[in-house]
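Novice: Encoded as structure tokens, here's the structure I'll be asking about.
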Amino acid sequence: MSKFPQRTCCACGAKKPPREMRRIASQHGAEPVFDENHKAPGRGAYLCFDAGCVEKALGRKALERALKLQNPLPEAFKNQLRAANQ
């Protein structure tokens, strides 16, 4: 059993420590933001630092589901997410 908390990638299902993943947070259905410090309030979703995971999450709408968003992710945020993982 691990001493450290594990988080699950919403795209591939890999379990890793939080610092090895990117956290995206959204508070009460607001527009999602990158949470670099892993401390932002609201619901969070984790993604691996892998371009394949980003594309898989966007294609399956895994981020919308994990963050319980009512509206689709803004196109600008999707582009920002893609650019951050290149």
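The values are calculated or read from the model by the stated rules, or taken from the named source; none is laboratory data. Source: prediction; values computed, not measured. Here the Cβ positions follow ideal geometry from the backbone for every residue, glycine too, while neighbour counts run over all protein chains shown.
Novice: Is it fair to say ALA84 is of a type in the set (Gly, Ala, Ser) and either surrounded by 15 or more Cβ atoms within 10 Å (Cβ to Cβ) or free of Cβ contacts under 8 Å to residues at least 24 places away in the same chain (or both)?
Specialist: The answer is no for ALA84.
Novice: So is PRO18 loosely packed, with under 14 Cβ neighbours inside 10 Å and modelled with pLDDT under 95 or not?
Specialist: Taking the combined requirement at face value, the residue does not satisfy it.
Novice: Residue by residue through the range 1-32, note down the ones that are touching a Ser or Thr at 6+ places or on another chain (Cβ under 8 Å) and either of a type in the set (Phe, Trp, Tyr) or under 11 Å from LEU67 (Cα atoms) (or both).
Specialist: Residue satisfying the conditions is PRO32 alone.
Novice: Where residues in the range 59-70 are free of Cβ contacts under 8 Å to residues at least 24 places away in the same chain and over 10 Å from PRO32 (Cβ atoms), which of them is surrounded by the most Cβ atoms within 10 Å (Cβ to Cβ)?
Specialist: By that ranking, first place goes to LYS61.
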